[in-house]
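What follows is a single structure, written as structure tokens, with notes after it.
All of the numbers you see were taken from the coordinates with simple rules; none came from a lab. Just so it is clear, the model here is predicted, and its values are computed rather than measured. Positions of Cβ are backbone-derived with ideal geometry, glycine not excepted, and every protein chain shown enters the neighbour counts.
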Amino acid sequence: QDVMDIEVKPKPSRPHWYERHVQPCMAELLGSALFIFIGCLSVVEDAGGTGRLQPALAHGLALAVTIAILGDI
């Protein structure tokens, strides 16, 4: 008796509710808070001759760190 081998692919499971709802919300909250906090501190602690360069670099660095840490979520 010949039996046909049929590959049965398991149905991909849905992610847990925590990964679908809570994790993205917390990542958004943490990323926005870091971005705003660093940006505000760069403007408040403005050194004498930096002008617009210091806030621009601080915002860019904060955005890069936020994307590097929270990008996979």
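Below is a table of values for the structure above.
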item	result
Reciprocal of mean inverse Cα separation for segment 16-73 (Kirkwood radius, Å)	12.5
Contour minus Cα-Cα distance for Gln54 and Asp72 (0.36 nm per residue)	3.7 nm
Point-to-point label distance, Leu29-Arg14, nm (Cα→Cβ direction, 7 Å offset)	2.4
